[in-house]
1. So how many residues does the range 116-170 have that are in a loop (DSSP other than H, G, I, E, B), crowded, with 18+ Cβ neighbours inside 10 Å and at pLDDT 90 or above?
2. Can you tell me which of (1) closer than 22 Å to residue 172 by Cα; (2) free of Cβ contacts under 8 Å to residues at least 24 places away in the same chain is the one residue 1 doesn't meet?
3. Answer yes or no as to whether residue 69 is farther than 30 Å from residue 151 by Cβ and either more than 14 Å from the ligand (Cβ to nearest atom) or polar (S, T, N, Q) (or both).
4. Which ones in the range 166-193 are without any contact (Cβ under 8 Å) to a residue 60 or more places away in the chain and among the basic types (Lys, Arg)?
5. If you take the residues in the range 171-196 that are at pLDDT below 85 and aliphatic (A, V, I, L, M), which one is nearest to residue 39 (Cα to Cα)?
6. It is to be established whether one or more residues within the range 37-57 are within 18 Å of residue 1 (Cα to Cα), touching an Asp or Glu at 6+ places or on another chain (Cβ under 8 Å) and at pLDDT below 90.
7. When you go through (1) under 21 Å from the mean Cα position of the chain (by Cα); (2) within 15 Å of the ligand (Cβ to nearest atom); (3) modelled with pLDDT under 90 one by one for residue 76, which number turns out not to apply?
8. Can you confirm whether residue 211 is outside the structural domain of residue 27 (by TED's automatic domain parsing), of a type in the set (A, V, I, L, M) and crowded, with 17+ Cβ neighbours inside 10 Å?
Amino acid sequence: MKILLVEDDPTLGEAVMLATRQAGFAVDWSRDGVQAENALAGYAYDAILLDLGLPRREGLQVLRNLRKRGATLPVMILTARDTVEDRVRGLDAGADDYLLKPFALDELLARLRALLRRAHGVADTLIRIGRLSFDSVNRQACIGEAPLVLSAREVEVLEILLHHAGRVTAKEAIADRLTGWDDGVGENAVEVYIHRLRRKLEGSGVAIRTLRGLGYLLEAER
Ligand code: CA
């Protein structure tokens, strides 16, 4: 999952960036409203963490412009503005959740996961296909009762494929979701992760198919 963090406070931005990365997200960090809009125009994100008081363009304006373009990705506002009017304005502008500063990083992560589950239409935190299960809270995959040992990147790729199970995911889209601005993951690397995942998923009743020129498809074996 790839998220865009929009925050001009360096200390808070750094803390959120570290916490979300440790929780397994790929994160890009924009320091002002214009930079955020450029990032949104150029990259695909699963969610946005959006400060309101930003240099160059206010967070609410960024949000309104985003919704005007028809983008539906979930947005969580992070702000110290705590009047009822502020919250109503934020939600009416198209925010999905609202977290007051100062907040606990654990709460931020839990709310972010909840937002992403809702956005993907998954109410349960546990995804099951064949004998494979994936718990999106502790990010643990199991075959039957046996936990799978996966690297952080492998978990990430598996999660992307699971959220699109039964549909094709382009290789380029996986590479894009895996990268922050400062750590490049090429499409060749994606092939390596898929290869390793296939080996580890043997016996799970789940297959990752390659559709030449299109991408990958995770589905239950027939
Ligand atoms: Ca700010």
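1. The qualifying residues number 2.
2. Tallying (1) closer than 22 Å to residue 172 by Cα; (2) free of Cβ contacts under 8 Å to residues at least 24 places away in the same chain, residue 1 fails exactly one: (2).
3. Yes, satisfied.
4. 167, 171
5. Out of the qualifying residues, it is 178.
6. Yes, the range 37-57 contains a residue that is within 18 Å of residue 1 (Cα to Cα), touching an Asp or Glu at 6+ places or on another chain (Cβ under 8 Å) and at pLDDT below 90.
7. Unmet condition: (3).
8. No.
The values are calculated or read from the model by the stated rules, or taken from the named source; none is laboratory data. Remember, predicted model here, so these are calculated numbers, not experimental data. When we count neighbours, we look across all protein chains shown, and the Cβ atoms used for this are built from the backbone with ideal geometry, even at glycine.
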